[in-house]
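Remarks on the structure that follows.
The values are calculated or read from the model by the stated rules, or taken from the named source; none is laboratory data. Because the structure is a prediction, the values reported are computed rather than measured. All Cβ positions, even for glycine, are placed from backbone atoms using ideal geometry, and neighbour counts span all protein chains on display. These area figures cover heavy atoms from the full protein model, side chains too; ligands, DNA and RNA do not enter into them. Shrake-Rupley method; radii C 1.70, N 1.55, O 1.52, S 1.80 Å.
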Amino acid sequence: MRKSTLLRNRLQEPRAVVAPGVYDSLSARICEMAGFEALQHSGYGTAAAVLGQPDVGLLTLSEMVSQVRATARAVNIPVVGDSDNGFGNAINVYRTVQEYINAGAAGLFLEDQVAPKRCGHMEGKQVIPYEEMEGKLRAAMDARKDIDPDFIIIYRTDAIAVNGYSDALDRARKAAELGVDMIFIEAMETREQIEKTASELKDIPLMLNLIEGGKTPLVPVNEAEEMGYKWIVPALSSLYAAARGMLDVMREIKENGVSDKYLDRLFTFKEFTEVVHLENIKKLEEKYLPTSVIEEKYHGKEKIVG
């Protein structure tokens, strides 16, 4: 069964899906190990990991598709892609959807910002008219028909920062009537807006994006689920945890020459082999390599790392 079909079926269940934001294969693998059942690919995280740059529309379609493909292949659970504003007009969106499907994504969200776009929690955003965005959404829904009809299309609107909450809600209603699979009102600024969105759009699945230090209040998952949110995304927790942890440990090594102060918070060499599935390599070798080669490589040892 396709991962898109798995996800579409899962979204029919009453419980919300908590889908942490991931930015590469390793973060995806770790979140899968932690027990999450689906993942949200992060464009913000991809810009940081691939370019070392902020999320201000610098990534190309090919760069994003490459990261989505690597992420989706690294795990056995569905991954929904961040496709920014579709990398152009409605014609570009048509191709973007096809590329994300072929990369193994189970869905994507598409936003109504102008190009170049920027992170939804930054200032300086601009949005296109809804009429233009509707054409992009129709192109997205048409593009999936022949390849993967279960592919999830999420409409993200960034209109709050530009035109106010009422316009964002109006755009969301129109997109829901158009037939998108889910609505994502980005950068809601108050709990009241979060609650009103859930009340006003209760007939369509909703995404809630939560960022430490962002514009949206951090709402516990159980409370967001009770409100009616279906796709709850701690969008940058994995990225920020990795970046902070790396900085702290490397500063310790720079200042004191050793990392032993942090050993209780680090994977060991052996433990990390489980993250990257090292022992699968040994199984493949035993399946395909001559016995003489195996004996020469391992000298009777059963594991690559003991």
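Sorting the segments 198-205, 115-122, 282-289 by their residues' average number of neighbouring beta-carbon atoms within 10 angstrom, most packed first, yields 115-122, 198-205, 282-289. Extending 7 Å from the Cα toward the beta-carbon at both residue 277 and residue 70 defines two label points whose distance is 1.7 nm.
Estimate the FRET efficiency between residue 265 and residue 37 by the formula 1/(1 + (r/R0)^6), using the beta-carbon distance for r and 30 Å for R0, to the nearest 0.05.
For R0 = 30 Å, the calculated efficiency reads 0.70.
The residues of segment 99-176 present an accessible area of 36 Å² per residue when probed at 1.4 Å with all protein chains retained. Pick from 259, 292, 62 the residue whose mean-square fluctuation is largest in a GNM of the chain, springs joining Cα atoms under 10 Å. Result for the chain, Cα springs under 10 Å: 292 fluctuates most. When the chain is treated as a GNM with alpha-carbon contacts under 10 Å, the residue of 29, 251, 15 showing the greatest mean-square fluctuation is 251. Centroid-to-centroid, using Cα positions, segment 148-205 and segment 253-285 are 42 Å apart. In whole percent, how big is the carbon plus sulfur part of the accessible area of the chain, probe 1.4 Å, protein atoms only? That share works out to 51 percent. Amide H contacts under 5 Å for residue 152: 107, 108, restricted to partners 5 or more places along the chain or on a different chain, H placed in the peptide plane at 1.01 Å from N. For the pair residue 285 and residue 302, label points projected 7 Å from Cα toward Cβ lie 1.6 nm apart. Along the axis of the charge dipole computed for the chain (Cβ charges of +1 for Lys and Arg, -1 for Asp and Glu, origin at the Cα centre), the listed residues 222, 34, 299 are led at the positive end by 299. Model label sites at residue 226 and residue 191, defined 7 Å from Cα along the beta-carbon direction, differ in position by 1.0 nm.
Among 239, 108, 266, the largest mean-square fluctuation in a Gaussian network model of the chain (Cα springs under 10 Å) belongs to 266.
When both bridge partners sit in the chain, DSSP labels roughly 5% of those beta bridges antiparallel.
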